Amino acid sequence: MFALIVVFYFALSLRRGLGVSKYLDNLLDDMKLASRRSLLDIPLPVTILRKNGEILWVNERFAEIARKNTLIGAQIDEISPGFNVRSLDSEHLFLGFSAKIGERVFKVYGTFSRSDSNRNAEQMFVLYWADETEFAALREEYKRTRPIAALIYLDGYDDMSSLSENNKATI
């Protein structure tokens, strides 16, 4: 009787294990599909780059702002002059950095990614471009138009005013 209970318990555990495993496989497949859909549907321009700066993929919004016929296979510094892929690290990607495409200014955020779960797989960057052209223009206008106050102290002002004609200040 005891042996029958043990066999029944192991059979039930095996069935549960297969059910959990199947559930996890389905969940991971759904997550992969959701992450692919989120890249396609995100309202920000997105690019995926190789570590050498070669563009592997762009979404429609990035293609609209880049205004170039062939983006796949191009170098990112051709689209955004001054863009240095070699300087990207996790801090720059997390905090964001500024980049220009044409006359537009973007704050670029990103993540590291691998093409496979294998550690030896090629490292890639997924970059999200937030347009801050209007904000940058507003910031520059603020810098140009803000008032400046100065306190000037002239040592020997009395001596200088006594040397001038008619004792009028020429300063």
Output row, site Gln123, 7 Å Cα→C-beta label point, backbone N cut-off 12 Å, window the range 40-56, residues 51-52
At R0 = 35 Å the Cβ-Cβ FRET efficiency linking Ala74 and Tyr142, nearest 0.05, sits at 0.50
Relative contact order in percent for the range 33-86 (Cα pairs under 8 Å, 6+ apart) equals 30
Rounded to the nearest 10 Å², the accessible area of Asp77 using a 1.4 Å probe with every protein chain kept is 80
Counting every C-alpha pair in the range 40-147, the percent lying more than 23 Å apart is 29
Expressed in square angstrom to the nearest 10, the accessible area of Tyr109 with a 1.4 Å probe stands at 90
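The values are calculated or read from the model by the stated rules, or taken from the named source; none is laboratory data. Here the structure is a predicted model, which means the values were calculated and not measured. Positions of Cβ are generated from backbone atoms using ideal geometry, with glycine treated the same way; all protein chains shown enter the neighbour counts. Ligands, DNA and RNA are stripped out before the accessible areas are found, and what is left, the full protein with its side chains, is counted by its heavy atoms. Shrake-Rupley method; radii C 1.70, N 1.55, O 1.52, S 1.80 Å.
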